[in-house]
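In what follows, a structure is listed as structure tokens, so that the remarks can point back to it.
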Amino acid sequence: MIDEGALRREMSELCRSLFERGFAHGSAGNVSARIGEHILVSPTNSCLGRLDPARLSKITVGGAHVGGDRPSKEAPLHLGIYSARPDAGAVVHLHSTYATVLSCLAETSAEDAMAPITPYLMMRVGRVPMVPYHPPGSDALAEAVRARAGAHRAVLMANHGFVVAGKTFEDAVFNAEELEENAKLLVLTRGQHLRLLTSADLTALEQRFGK
Ligand SMILES: [Zn+2]
């Protein structure tokens, strides 16, 4: 298991990179990682560009605050995913621009919110459903996401953004970047006649890379 100090430094460094490259703004977005029986979470109102490794919130899997600053108010969202996905080692939640655009479009499908136009989203993340709008930080939002998270690594949240799990913190960050990249391609090609991957292509990818 990764050393807790190394994990804290990795969370801070990768979040600064996400922030500097425009995946997060202001105090938007929050992240977490599992360490034994505990979860490290970015603190409430913190900026992903300036996370202090020593001040990350430490909570139990039941949500009790045991160390560091007060946790993000979206911590229940993260806890729901850990409960639905025992293999999840980390969770990244962003309001990144293009994924958020998709979450605001009336035409976005709840069952398949992000058409796979290249294989890479399928290889890293798989199909992405969308849950209806619920207020940020609400139990209703956490429950809606938890209900889809067992079968999906990522979930889009209407008029809000997305949340994605990964085996490790770096894996979750890479998944988040791939999801945002796919959303960007979809938004930039809106209104154009797209050649999508076929259902046979998708089945082959799903069999090879899993959900
Ligand atoms: Zn949010």
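Using DSSP to define loop residues, name the GluC sites (Glu not before Pro) in the range 4-76 whose beta-carbon has at most 15 other beta-carbon atoms within 10 Å.
Numbers: sites: Glu4, Glu10, Glu13, Glu20, Glu37, Glu74; in loops: Glu37, Glu74.
When the GluC sites (Glu not before Pro) of the range 4-76 are filtered for loop state and at most 15 Cβ neighbours within 10 Å, Glu37 remain.
If you sort the three axes of the alpha carbon gyration tensor as a ≥ b ≥ c, you get a/c of 1.5 or more for the range 99-211 and a/b no higher than b/c, which makes it oblate. Only protein heavy atoms count here; under a 1.4 Å probe, Thr108 has an accessible surface of about 20 Å².
Beta bridges from DSSP with both residues in the chain: antiparallel share about 90 percent, rounded to the nearest 5. The label point for Val66 and the one for Asn159, both projected 7 Å from the Cα toward the Cβ, are 3.8 nm apart. So, in Å, what gap is there between the alpha-carbon centers of the range 65-100 and the range 12-56? Cα centroid to Cα centroid, the span is 10 Å.
List the GluC sites (Glu not before Pro) within the range 97-181 that fall in a DSSP loop (any state other than H, G, I, E or B) and whose Cβ has at most 12 other Cβ atoms within 10 Å.
Values: sites: Glu107, Glu111, Glu143, Glu170, Glu177, Glu178, Glu180, Glu181; in loops: Glu107, Glu111.
Passing both the DSSP loop test and the Cβ count: Glu107, Glu111.
Ignoring aspartates and glutamates fewer than eight residues from Lys58 along the same chain, the ones with Cα atoms less than 17 angstrom from its Cα are Asp3, Glu4, Glu10, Glu37, Asp69, Glu74.
Could you give the length gained by full extension between Arg55 and Thr203, i.e. 0.36 nm per residue of separation minus their alpha carbon distance, to one decimal place?
Extending this stretch completely gives an extra 48.9 nm.
Checking a compactness column here: for the chain, what do you get for Rg(Cα) / (2.2 N^0.38 Å), N being the number of residues? Working shown, then result.
Values: Rg = 16.3 Å, N = 211, 2.2 N^0.38 = 16.8 Å.
So the Cα radius of gyration is 0.97 times the expected 2.2 N^0.38 Å.
Approximating the spin labels as points 7 Å out from Cα along Cα→Cβ, the Ala6-to-Arg21 distance works out to 2.2 nm.
Just the accessible area per residue of the range 1-138, please: how many Å² with a 1.4 Å probe? Could the numbers behind the result be given before it?
Numbers: 6070 Å² over 138 residues.
In whole numbers, the range 1-138 has 44 Å² accessible per residue.
The residues of the range 146-211 expose, per residue, 52 Å² of accessible area to a 1.4 Å probe. As a fraction of the 1.4 Å probe accessible area of the chain, surface on carbon and sulfur atoms comes out at 53 percent.
The values are calculated or read from the model by the stated rules, or taken from the named source; none is laboratory data. Given the structure is predicted, the values throughout are model-derived calculations rather than measurements. As a convention, Cβ positions derive from the backbone with ideal geometry for all residues, glycine included, and neighbour counts pool all protein chains shown. Accessible surface is based on the protein model in full, side chains and every heavy atom, while ligands, DNA and RNA are left aside. Shrake-Rupley method; radii C 1.70, N 1.55, O 1.52, S 1.80 Å.
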